[in-house]
1. At a Förster distance of 56 Å, what's the computed FRET efficiency of E341 paired with N81, Cβ-Cβ distance as r, to 0.05?
2. Using the alpha-carbon centroid of each, what span in Å lies between the stretch 173-248 and the stretch 403-449?
3. Of the chymotrypsin sites (Phe, Trp or Tyr not before Pro) in the stretch 352-437, which ones lie in a loop per DSSP and count no more than 15 other C-beta atoms within 10 Å?
4. When only C-alpha pairs under 8 Å and at least 6 residues apart count, what is the relative contact order of the stretch 139-321, in percent?
5. Defining a contact as two alpha carbons under 8 Å apart and six or more residues distant in sequence, what relative contact order in percent does the stretch 41-118 show?
6. So for the chain, averaging the separation of alpha carbon pairs under 8 Å that are six or more residues apart and normalising by length, what relative contact order in percent results?
7. Rounded to the nearest 0.05, what FRET efficiency is calculated for K403 and N34 with R0 set to 41 Å and r the Cβ-Cβ distance?
8. Just report the Cα centroid separation between the stretch 307-375 and the stretch 62-99, whole Å.
Amino acid sequence: MMNIDVVYIQDLSSEMHNVLKNNQLGSLPIECKNFLLRSVLKRSTYKSVGICFIDISNLQLKTYLFKKELEKIIYFDEINNTLYGYYWNIGDDYVKITVRSINLLNRHEKDILEIPIVESKLWENHLKQEGINNFLTPYPLFFEMVNFRYIIIIHDKFFPSNSNNKWQIYVIDLVENKFYSYIYDNDPKKPFPISYIRYFPVSNTDGFVFIKFGQIDAEEKEMYWPPKNSKMTQHFWEAFAFYPLNKFIEDIKNQKLFLDAYIVERISENFSFRFLDDIESIKDLCFYYIKKSIKTNLSRLIKLELKNYTKETMQTSINLDNKFLHYNNGLLTAISLSIEEINDKQNLLRINKEFLNGNNTKSVNILLSKEEQFMLDIMYKYILKHDLFLTFSPRFDYRDIPKHYKIKVYSLESSSAFLEFITKYPLSSPFTITLVEKNKANDEFLLIL
């Protein structure tokens with residue numbers, strides 16, 4: 001049986017109690033080999049006001065509070081121990097984004113580059129027209145530091161006129177210490193506005209910019225199908241592209257973007273599209289997605305080889321509605337969850353784990369109390385890696401009032417809880433839980449709260 005020790009960040013450093021009086025711990029989209037990093041968020045604004053990092057080998061914790069609040073931390077260079085983030089700078093002339101670096105060794109902070117996004121007066125007039133009294137900063141569609149050198153920002157081309165077909169793209173080159181600006185003006189005759197962008201890394205320096213086109217997603221499409229007229233039909237069309245990162249950056253610098261050349265699938269109004277939102281398969285240069293015929297209700301599982309953009313149908317008839325897909329070590333896994341009410345006090349949770357390219361299935365039934373709930377992202381993650389999941393009670397409160405929670409850790413092998421405890425400190429919801437492998441050979445883990 002797995003042995004899990006519960007560790008609280010507050011107990012690793014006496015200063016954390018003072019830090020958390022007006023702040024709370026957040027999570028970071030950053031994986032490190034030797035450290036666990038948590039952002040420190042200001043409760044009133046949820047801006048990043050600091051960072052705490054734990055050395056996993058000895059559980060030593062250090063905290064660094066920033067001199068300048070950040071809108072978001074976007075990258076951690078583990079080799080040089082340098083964090084990168086950004087904040088909005090509201091000037092008389094422009095609303096700007098300022099990129100900032102923080103060296104955690106010498107505690108040196110500096111602004112690297114400033115990017116003017118929109119004229120301040122035009123933005124203020126826009127907010128008034130929308131009936132917004134408080135000043136809000138623009139919301140980028142995409143803002144990511146993709147490696148130690150490049151940052152990509154994509155947002156609506158706000159003015160002189162708002163348009164779903166016009167996008168402002170910035171590539172920031174930290175080595176050259178300059179940025180490149182490009183306006184992508186989609187052909188208005190093609191109803192393919194950009195709706196979603198994500199970066200999939202393959203290595204530390206290269207990867208793919210995934211771009212989804214279309215005005216509605218799969219759920220909306222299936223709900224409102226069939227389209228009532230030709231104009232509505234156009235809104236149902238979709239497409240997606242895989243743009244190699246280095247080529248994308250080169251083309252932005254050269255003021256040419258060839259999106260059509262990297263579109264790998266165009267989907268008509270009679271089909272819907274879902275994809276595996278996971279980076280592991282991309283590292284093996286393959287991408288899995290589901291193409292469903294809304295007419296026949298049949299779905300195909302398709303594998304896209306990113307080396308040469310060839311497609312292969314893995315399964316011709318597959319039902320993956322409401323299932324979470326995950327790829328690991330060559331295995332494509334689908335997890336589905338369902339809950340059935342047993343009585344006034346209990347629910348029956350059914351977990352089904354299916355290996356799509358191995359024809360194996362594992363099903364587990366577990367009784368839960370009515371109070372117990374779970375966070376899906378944590379649940380899927382731990383089911384996939386360790387065949388366990390966590391429940392929390394009482395139920396989360398939308399007012400986000402810190403409170404004590406009862407946490408149960410269940411094993412899929414025994415279908416029962418093998419660890420149960422009430423949190424030592426009040427926690428804010430949603431809170432971050434990290435399971436760290438301490439000793440793989442002896443199944444020893446740390447659950448860090």
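Each reported figure results from applying straightforward, stated rules to the coordinates on display, with no laboratory input. Here the structure is a predicted model, which is why all the values come from computation and not from measurement. When we count neighbours, we look across all protein chains shown, and the Cβ atoms used for this are built from the backbone with ideal geometry, even at glycine.
1. 0.65
2. 38 Å
3. When the chymotrypsin sites (Phe, Trp or Tyr not before Pro) of the stretch 352-437 are filtered for loop state and at most 15 Cβ neighbours within 10 Å, Y398 remain.
4. With pairs under 8 Å counted, the relative contact order is 13 percent.
5. It rounds to 19 percent for the stretch 41-118.
6. 8 percent
7. 0.80
8. 39 Å
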